[in-house]
Amino acid sequence: MEVGEYTTPRAYAAHFLSFFNVDCLRLPTFYATVNRGLEDVSAWEVQSLLGVKPKLGVGRIFFDSDLRGALKLNLASRTLHRVVMVLLKAKVSSLDDIYREALSIDYTSLIDSDQSFAVKAERKGAHPFTSLDIASKVGQAIIDSYRSVKGSRLKVDLKGPEVIVECVLRDEDFTLGLDLTGYSLHMRNYRVYDHPAALKSTIASSMILLSNWEHDAPLLDPMCGGGTIPIEAALIARRVPPGVYRRDFAYRRLRFIERELEVKVVEELLHEVNLDLYPIYGIDCSPKHLKGAVLNARSAGVDDTVKLRLGDALRLKEHLDFTPSHIIVNPPYGLRSGPSLKKIGEFYHRLLASFRQAARGSKLIAITSSHERLLRAIRDLGLVVLWTRWLMHGKLTTHIICCEL
């Protein structure tokens with residue numbers, strides 16, 4: 001599947017809730033925000049969970065589903081950040097166009113008169129206005145539309161809104177929707193210890209999925225930090241839905257979504273969980289970070305299957321009594337801590353030599369922003385690159401590189 005812009009328009013106005021009728025042939029459209037560069041991985045996950053094939057955008061994927069499917073993604077997805085229910089898609093060229101489009105929706109079936117709301121806007125492209133201007137226009141349109149139907153004014157609460165309206169403008173493509181998630185799904189609530197250079201959990205899960213790791217084969221992160229990679233691997237192997245650790249979802253404040261629906265979805269997901277033991281290992285040279293990884297693994301309920309050890313990745317063979325089939329690692333980039341950028345190439349050479357000595361024939365999956373230096377070290381050691389891919393880790397341009405040791 002190629003990455004491209006999703007351009008099929010969907011507009012839900014006064015009869016929005018009719019799309020949830022079982023007799024209706026059309027399903028609502030949703031989009032999920034994802035890591036840029038990993039859209040296809042997230043699309044694969046959505047397809048495996050819901051049986052629908054998403055359309056790929058930039059940092060977003062679009063798909064049709066019912067509310068049950070949307071709740072399932074919030075609870076079970078490992079690679080998505082937010083799930084948004086699309087209310088409208090349109091071509092616009094001005095703030096007045098945005099106002100008119102937002103005004104055309106009947107919000108009375110979506111927001112109760114005693115609920116507060118806020119608008120979050122994102123803008124990409126050249127426009128004579130800001131994202132704050134968009135949020136202001138959409139907010140006014142929601143107030144005016146609601147008042148024209150109900151005769152009452154909705155409350156705006158920018159700090160703790162009960163309902164969050166998301167709007168995105170990319171060039172002339174405008175999308176308006178309801179946030180079903182709240183704070184990003186990558187913020188796993190099992191994480192009680194934060195490593196200063198922690199890998200985003202959704203990227204860690206994507207790396208594991210891309211590795212084609214068989215769950216009964218030994219997996220190792222020799223620089224595990226706070227334990228994100230081994231913990232996510234254990235959750236994947238045990239089919240534990242990450243959302244069970246969350247304290248809150250935005251959809252719980254959308255009153256047209258019945259609480260019983262979430263209960264049923266959770267029951268179905270928990271029925272698939274297993275408590276088997278898997279050969280998953282993490283090593284770190286810092287006693288402080290290793291202690292944090294132990295706390296995180298315990299919080300996630302996987303400390304019985306994630307085996308954590310103190311050790312130096314540059315002398316990996318000394319710490320292993322097994323041969324890993326996969327080494328998945330987030331090494332230093334030469335930016336924050338560890339070797340400086342000038343010395344990171346030499347460090348990568350020593351690191352790869354250590355990996356090869358300890359696990360010849362294993363598959364290595366590594367992420368770094370210093371990918372050229374890592375590729376040079378791979379070539380210097382005569383290793384075989386299987387694939388590479390670009391992605392954004394926050395605002396940092398990075399690459400995932402897979403090679404055979």
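Here, each number is a calculation from the coordinates, and none is a lab measurement. A quick note: this is a predicted structure, and the numbers were derived from the prediction, not measured. Every residue, glycine as well, gets a Cβ built from its backbone with ideal geometry; the counts of neighbours run over all protein chains shown.
Summary table
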item: Hydrodynamic radius (Kirkwood) for segment 335-401, which is based on Cα pairs only, to one decimal in Å; result: 12.5 Å
item: Reference-scaled alpha-carbon Rg (2.2 N^0.38 Å with N residues) for segment 16-179; result: 1.05
item: Lysines whose Cα lies under 21 Å from that of K89, excluding same-chain neighbours fewer than 8 positions away; result: K53, K55, K120, K124, K137
item: With eigenvalues of the C-alpha gyration tensor scaled by 5 and rooted, the chain, Å; result: 43, 23, 18
item: Segment 229-351: C-alpha gyration tensor shape, a/c 1.5 cut-off, then a/b vs b/c; result: prolate
item: Exposed-site-free run, longest, the chain (rule: GluC sites (Glu not before Pro); DSSP loop; at most 13 other C-beta within 10 Å); result: 6-171
item: Rounded to 10°, Cα long-axis angle of helix 67-76 versus longest principal axis of the chain; result: 30 degrees
item: Nearest 10 degrees, 0 to 90: helix 287-300 Cα axis against the chain principal axis; result: 50 degrees
item: Positive-end residue, segment 16-179 charge dipole about Cα centroid, Cβ charges, pick of L27, G160, L80; result: L80
item: Debye-sum result for segment 288-347 in log10 I(q)/I(0), which assumes one identical scatterer on each alpha carbon, at q = 0.17, 0.22 Å⁻¹; result: -0.80, -1.11
item: GNM flexibility winner over the chain from A76, A233, A217 (Cα, springs under 10 Å); result: A217
item: Global form of segment 238-300, assessed from the alpha-carbon gyration tensor, a/c cut-off 1.5; result: oblate
item: Residues of type lysines that K307 reaches as a straight line, Cα spacing below 27 Å, ignoring anything fewer than 8 places off in the same chain; result: K200, K288, K291, K317, K363
item: Segment 198-273: equivalent-ellipsoid semi-axes (sqrt of 5 x gyration tensor eigenvalues, Cα, Å); result: 29, 15, 9
item: Simple spin-label estimate for F256 and A197 in nanometres, 7 Å along Cα-Cβ; result: 4.7 nm
item: Using alpha-carbon coordinates, inclination of helix 371-380 to the longest axis of the chain, degrees; result: 30 degrees
item: Loop sites in segment 117-188: trypsin sites (Lys or Arg not before Pro), DSSP, at most 13 other Cβ within 10 Å; result: R153, K159
item: FRET efficiency, L381 to L277 (Cβ-Cβ, R0 35 Å, nearest 0.05); result: 0.55
item: Alpha carbon centroid spacing (whole Å) that separates segment 353-381 from segment 212-261; result: 28 Å
item: Those chymotrypsin sites (Phe, Trp or Tyr not before Pro) in segment 213-297 that DSSP places in a loop and that have at most 15 other beta carbons within 10 Å; result: F256
item: Expected 222 nm ellipticity per residue - DSSP helices of 4 or more, -39500 (n - 2.57), all of the chain, to 500; result: -9500 deg cm²/dmol
